[in-house]
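Q: Take this structure first; my questions come after.
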């Protein structure tokens, strides 16, 4: 949408992208990339993390997710078997990432790290701290460029 897009505005897009070998048994192919205009630098940034989220996104039938615009209320995306559902997250707002990850895992009746992958932002992202990150599966972070603030 152009170089004048506000990194913290609704026009800034956030892409969660896998690679062509993600979800296979190829070594080091399980990473996922978050791509957006950085609120920290004002330039395009990519931030990566490992874990199972990339493979699980692929196994659900998706190569990636592109977020465009913003919600009036806190929400999260639930992805299963190629379907994407927007769910209310107002009850999660203000919690730390580990509590959020655990609670979403319980809500979807899975175990984080086994059946379900959860990516979450904490209070830093909620308050649009310019270096906010996205935490995946409790211990993996996309920490470059402030992707969690977007």
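Since every read-out is calculated from the coordinates, none of them should be taken as a lab result. Computed from a predicted structure; not experimentally measured. Don't worry about glycine lacking a Cβ; one is built from the backbone with ideal geometry, like all the others, and counts go over all protein chains shown.
Q: Might you check whether a residue that is touching a helix residue (DSSP H, G or I) at 6+ places or on another chain (Cβ under 7 Å), under 21 Å from residue 136 (Cα atoms) and touching a residue at least 60 places away in the same chain (Cβ under 8 Å) occurs anywhere in segment 54-72?
A: No: segment 54-72 contains no residue that is touching a helix residue (DSSP H, G or I) at 6+ places or on another chain (Cβ under 7 Å), under 21 Å from residue 136 (Cα atoms) and touching a residue at least 60 places away in the same chain (Cβ under 8 Å).
Q: I need the helices (runs of 4 or more DSSP H) fully contained in segment 37-127, keeping only those with at least 3 residues that are at positive phi and exposed (fewer than 15 other Cβ atoms within 10 Å of the Cβ).
A: none
Q: Just checking, does segment 20-43 include any residue being touching a residue at least 40 places away in the same chain (Cβ under 8 Å), more than 23 Å from residue 61 (Cα to Cα) and in contact with a helix residue (DSSP H, G or I) (Cβ under 7 Å, 6 or more places away or on another chain)?
A: Yes.
Q: Now a separate question. Consider residue 150 carefully, then state whether it is within 12 Å of the chain's Cα centre (by Cα), in contact (Cβ under 8 Å) with a residue 12 or more places away in the chain and crowded, with 19+ Cβ neighbours inside 10 Å.
A: In short, yes.
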